Amino acid sequence: MIETKIVGKSIRKVDGLSHSTGRSLFTDDIYLSGMLHGKILSSPHSHARIKHIDTSKAFSLEGVREVLTYSNVPHIAYTTAGQGYPEPSPYDTFILDNKVRFAGDRVAAVAADTEEIAEKALSLIEVEYEILPAIYDVREASKDGAVVIHDEPEAHVILPLVYEPKKNFVAQVDFKLGDITEGFKEADFIIEKTYYAHRAQHCATELHIAITYLDEKDRLVVRTSTQVPFHVRRILAHCLGIPVRKIRVLKPRVGGAFGGKQEVITEDICALLTLRTGKPVRIQYSREEVFVMARTRHPHYNYLKTGVKKDGTITAIDMKIISDTGAYGGHALTVMSNAGSKVLPIYNKCEHINFDGRAYYTNLPVAGAYRGYGATQGAMAMEIQMDEMACAIGMDPVEFRKKNLIKSGETSPVFRALGEGGEGVDQTIRSCGIFECMEVGAKEIGWYEKKDIHDTDKAHIKRGVGMVCLMQGSSIPKIDMGSASMKMNDDGSFNLLAGATDVGTGSDTVLSQIAAEVLSVTVDDIIIYSSDTDITPFDVGAYASSTTYLSGEAVRKTAEAVKEQILSVAGKMLKEDIKDLICRDKKVISLKTGKEVVYSTIALQSLYISDQFQIGHMASHVAQESPPPFSAHFAEVEVDTDTGYVRVVKYVAAVDCGTAVNPPLAHGQTAGGVLNGISYALTEEYNFDKSGKMLNSNLGDYKVFSMADLPKIVTILVPTCEPTGPYGAKSVSEIPMNGPMPAISNAIYNATGVRLTEGPFTPEKVLKALGKI
């Protein structure tokens, strides 16, 4: 491990005090003179063509300043997905179109003096629809004669990818290793089953919101709750038909994102209303609109077939995925890729693997990025079936996994065959704490003591334990890039400008710690400013578990270069050779003579006296590998066999994220992801009527866990040192989401002998599995 003073320590969040005292400024914490309020009219139909739209009554309403329809907006195809350019998602979206493709799709937009007037104006817009047949089951989308959801000629992809919209076919990714037929011949047992990972919503506390205005130079300023400000700028320039230089995107504090804000949601309409009226415009979705009009997790049908020998050798893995991308195709390819690339390499002993993922359009709400990003869906299937294989051969699930897990110094051909959206990279595992994660997790849950004891003091309540092993990744290698710049101030403090996007995750704190460690100062000496496309250097944003690993390395490189400049100036001042100098406690000290000079004096020397120049630097970083964090999860549940109710008694998540730059933040990320995953596994569910309208688009009926539902969660950090990451760090934010669904399913099986393979695990599904209804 690397010896450090700031990194790896429990440093208070740099924005903690402002958050706790209510002084942090979020998107909505400003009011601009003359600001208009935007509202969007959504479709009541799942699939329809707009035959006629009359906005005259809305326009005549006093206080209405602009009304947009498909007939008066730019007709430019784009993708809303916040991904690196060229995006692997199809360009299948228009600001407004003459066709709607799900109940909630955008029909028109208004800007008015007040929200009330805007709402009234929406009610006055008259729309005549031609109702079209709709697809609600993704398994029907590819059948002969199925209605074509995207029949517009403009829909296209800009990469050489499989895309056949006339067949509702959005994306495909596949690969083969070895000979799958031979692999199944070698097996003593073959397990074959279908698993369904369902649709879910991010439920961030802060709703989707944007405020747009023109600055004194008539440049468009977009203040928005986003994970991807630089992608937002580029996408807006494209769909609005204006130069990038005319747009500035600001990311204030963000009240939760979890992938849902890796997208252009309200920004395009809001920006166009400002350009048309010349006035500031605010658009904020209601909670109902977020459920229906924002983004969801991609539902996956995962058909998994595996072969296993009696000695625990996995001989074959055949994984086929059908992904429901909803009405538009953002993130469809990359999410589906991750269902394989972030799941299959962990069991690298298998020599025969087939993977085939196919994504299709349906007339349901649009899927997009969500924490776990495909690995959640893939891990559900793989980790339940790992449990089934262990049961088939009579081996303890922990011991079975130990036999098949990847180790430090090993690789997997899957790394090269499958990346995020295409071909991956060769990489060897340099840091792996999965075996220790299993050891400490099993001890904490009492695995060996509890796995064979199911009865409680109540005959109808059964208790069980289940476990899973997980891996994720750290950034998208050779594709995504992060940058940082820094300058030294007169008093020896430093301005750190980071393109990285803190969405409540604490990345501003983590990046400040990395900079402070390099420069031998305190975090208070680092003044960080992040995510302003005019001021901060480029960064892809907060996704793909990349900030600490990717952006953190950019910060480290920047700080190292600044440190070299400090030493150079100090060497001249002390008349010492740089190789004899070190930085320590805001000073440069000579190891040879003991002479020293403080940072503030060095800064004044460089700015005012000799060799006058600004000590500062900018650096970028592109990762060449994506080192996986590893984790072992253990769930203990109680199942009421009379009611079907499942209660999580205790949940243990042991995680190897390399060096935890800020341990409390790593613990918090892990516990938060686990609770998110437990809620997804047990209660969260989209319910639709026969016409594709969501029936439970509110937090009262959607049933998301809150702190009142919090079970006992124990998080354990297992330290390793990743040599390619800043001070040995890897990612931590996504991996905890992937464990609860399969771990709880395995625990329910351990308790009751019934296997649940379709989420969420509601009382009704438990009772059906038990044969009681």
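The values are calculated or read from the model by the stated rules, or taken from the named source; none is laboratory data. Here the structure is a predicted model, which is why all the values come from computation and not from measurement. Ideal geometry is used to build each Cβ from the backbone, glycine not excepted, and the neighbour counts take in all protein chains shown. Keep in mind that these areas ignore ligands, DNA and RNA; they rest on the heavy atoms of the full protein, side chains included. Shrake-Rupley method; radii C 1.70, N 1.55, O 1.52, S 1.80 Å.
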Putting +1 on Lys and Arg Cβ atoms and -1 on Asp and Glu Cβ atoms, find which of 102, 744, 141 reaches farthest to the positive end of the dipole of the chain. 744
Where the centre of each part is set by its Cα atoms, how far does the range 4-35 sit from the range 233-267, in angstrom? 21
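If Lys and Arg each add +1 and Asp and Glu each add -1, what is the summed charge of the other residues whose beta carbon sits under 9 Å from the beta carbon of residue 547?
Values: positive: none; negative: 502, 539.
So the environment of residue 547 carries a net charge of -2.
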Interchain or sequence-distant (5+) residues whose placed amide H lies within less than 5 Å of the amide H of residue 657 are 718, 720
Only bridges whose two residues both fall in the chain count here: according to DSSP, what percent of them are antiparallel, nearest 5? 80
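Taking all protein chains as present, what is the carbon and sulfur share of the accessible area of the chain, in % to the nearest whole number, probe 1.4 Å? Show your work: numbers first, answer last.
Details: 14210 of 27760 Å².
On the chain, the fraction of accessible area on carbon and sulfur atoms equals 51 percent.
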Note to self: C-alpha centroids of the range 268-283 and the range 381-409 sit apart, in Å, by 55
Phi angles of the range 349-355, converted by Karplus (6.51 cos²θ - 1.76 cosθ + 1.60, θ = phi - 60°) into ³J(HN,Hα) in whole Hz with x for Gly and Pro, give 7, 6, 9, 10, 9, 10, 9
Using DSSP, restrict attention to beta bridges with both residues in the range 124-258 and report what percent are antiparallel, rounded to the nearest 5. 60
Residue 185 accessible area, 1.4 Å probe, all protein chains in place, Å² to nearest 10: 150
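Nearest 500 deg cm²/dmol is fine: what mean residue ellipticity at 222 nm does the chain get from its DSSP H runs of n ≥ 4 alone, each adding -39,500 (n - 2.57), divided by its residue count? Let's see the in-between values first.
Numbers: 20 runs with 200 residues, N = 773.
Rounded to the nearest 500, the figure is -7500 deg cm²/dmol.
Could you state the accessible area per residue of the chain in Å², with a 1.4 Å probe and every protein chain left in place? If you can, show how the numbers build up before the last one.
Numbers: 27760 Å² over 773 residues.
Heavy-atom SASA per residue in the chain reads 36 Å².
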For the range 722-756 and the range 307-360, write down the distance between their C-alpha centroids in whole Å. 17
Which entries of 342/772; 166/251; 13/563 show an alpha-carbon separation above 29 angstrom in the structure shown? 342/772; 166/251
I'd like the accessible area for residue 19: 1.4 Å probe, protein heavy atoms, all chains in place, Å² to the nearest 10. 70
Could you go through the range 70-79 in sequence order and give the Karplus-derived ³J(HN,Hα) for each residue, using 6.51 cos²θ - 1.76 cosθ + 1.60 with θ = phi - 60°, rounded to whole Hz, and x for Gly and Pro? 4, 7, 10, 10, x, 9, 10, 6, 8, 10
Counting only residues 5 or more apart in sequence or on a different chain, those whose built amide H sits under 5 Å from that of residue 296 are 367, 368
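So for each of 254-260, 376-382, 206-212, 227-233 I average, over its residues, the number of other beta carbons within 10 Å; can you give me the resulting order with the highest mean first? Present the calculation step by step, with values, prior to reporting the outcome.
Numbers: 254-260: 23.0, 376-382: 30.7, 206-212: 24.6, 227-233: 26.3.
Top to bottom by mean Cβ count within 10 Å: 376-382, 227-233, 206-212, 254-260.
If you rank 448, 213, 85 by how much accessible surface each has, with a 1.4 Å probe, what is the order from largest down? Walk me through the intermediate numbers first.
Details: 448 110, 213 55, 85 155 Å².
Ranking 448, 213, 85 by accessible area, largest first, yields 85, 448, 213.
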Amide H neighbours of residue 688 at under 5 Å, excluding residues fewer than 5 places away on the same chain, with H built from the backbone geometry, are 695
Let's test the formula: R0 of 35 Å, r as the Cβ-Cβ distance of residue 491 and residue 61. What FRET efficiency results, to the nearest 0.05? 0.05
Using a simple spin-label model with points 7 Å from Cα along the Cα→Cβ vector, what separation in nm is obtained for residue 311 and residue 618? 5.9
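Could you order peptides 608-621, 708-721 by the average number of other Cβ atoms within 10 Å of their residues, highest first? Write out the running numbers ahead of the final one.
Numbers: 608-621: 14.7, 708-721: 16.9.
In decreasing order of mean packing, 608-621, 708-721 become 708-721, 608-621.
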Could you go through the range 200-213 in sequence order and give the Karplus-derived ³J(HN,Hα) for each residue, using 6.51 cos²θ - 1.76 cosθ + 1.60 with θ = phi - 60°, rounded to whole Hz, and x for Gly and Pro? 8, 10, 6, 6, 4, 4, 7, 6, 5, 8, 9, 10, 10, 7
For 49, 371, write out the residues from largest to smallest accessible area, computed with a 1.4 angstrom probe and no ligands counted. 49, 371
Estimate the FRET efficiency between residue 286 and residue 593 by the formula 1/(1 + (r/R0)^6), using the beta-carbon distance for r and 56 Å for R0, to the nearest 0.05. 0.25
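Give the peptides 300-309, 536-545 in descending order of average Cβ contacts within 10 Å, highest first. Could you put the intermediate results ahead of the total?
Values: 300-309: 22.1, 536-545: 26.2.
Order by mean packing, descending: 536-545, 300-309.
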